[in-house]
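Heads up: the structure comes next, in structure tokens.
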Amino acid sequence: MNASRARLASIIASSASIFSLLLLSPAVVSAEPGDGITDYGNGCVLDPGNRAATVDSLRFRCSVTQQDQIYRDAQAGAVANGVTNGWVTRPPQLGAAAPALWIGKVFNTGPDGGTLTNRVTGAGIAAFPADVYRAPSILDGAPTWALNYAPSPTPQVYDEIREVTPGVWFGYSWWREGEWPLLAAFVLTPA
């Protein structure tokens, strides 16, 4: 009986992901060569002049390998500041459920970092504070913006983000234990 419930939950989560793809995917991005767009193939593009197209690509069109390459190719960039909207890009099951639990972050930062809180539930309640500062990336050792949750009730969580195009940050959420397993990948933009 428990195996049947687990299978049903998996089918429902998969169906929700497919349903959200059908309803939320905007039209295909088109671009003229030379306008600053970086094409990673198969519809995965970074468009510095179109945040929505970049977010769409990261959420729906870029493979895990492409997302990781985009992160590696990016500089730390500017740190986010103010209210941001956020979307989980992987794992897909979490991406479908995340909007009910997490909708972004609020950064209180300057050029050298600062602090943040997460916007949880659809109401955007402030929770889970973190310190924001430059540090080497867990993924590749290059500079990144570390979001260290040690001051919050979730001290084992550690995020890192890079600005992949102006006003679009892509990052990872790690569990700070053992081999530092990846919990999720996410994208942020100003609200």
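The values are calculated or read from the model by the stated rules, or taken from the named source; none is laboratory data. Keep in mind the model is a prediction, meaning the values are calculated, not measured. Don't worry about glycine lacking a Cβ; one is built from the backbone with ideal geometry, like all the others, and counts go over all protein chains shown.
Things worth noting here:
- Residue list for region 109-124, filter: modelled with pLDDT of 95 or more, in contact with a strand residue (DSSP E or B) (Cβ under 8 Å, 6 or more places away or on another chain) and loosely packed, with under 13 Cβ neighbours inside 10 Å: ASP112
- Scanning region 150-186 for residues that are at pLDDT 95 or above and among the hydroxyl-bearing types (Ser, Thr, Tyr), we see that the one that is farthest from ARG51 (Cα to Cα) is TYR158.
- Exactly one residue out of ALA76, ALA13, ALA3, ALA53 is in contact with a Pro (Cβ under 9 Å, 6 or more places away or on another chain) and modelled with pLDDT under 95, and it is ALA13.
- When residues in region 37-89 are screened for being over 14 Å from the mean Cα position of the chain (by Cα), among the acidic types (Asp, Glu) and surrounded by 14 or more Cβ atoms within 10 Å (Cβ to Cβ), 2 of them pass.
- Which listed residue, of ALA135, ALA130, ALA185, ALA98, is small (Gly, Ala, Ser), in contact with a helix residue (DSSP H, G or I) (Cβ under 8 Å, 6 or more places away or on another chain) and not in a loop (DSSP other than H, G, I, E, B): ALA185
- Hits in region 146-170 - residues which are within 14 Å of the chain's Cα centre (by Cα), closer than 15 Å to LEU116 by Cα and not hydroxyl-bearing (Ser, Thr, Tyr): ALA146, LEU147, ASP159, GLU160, ILE161, TRP169
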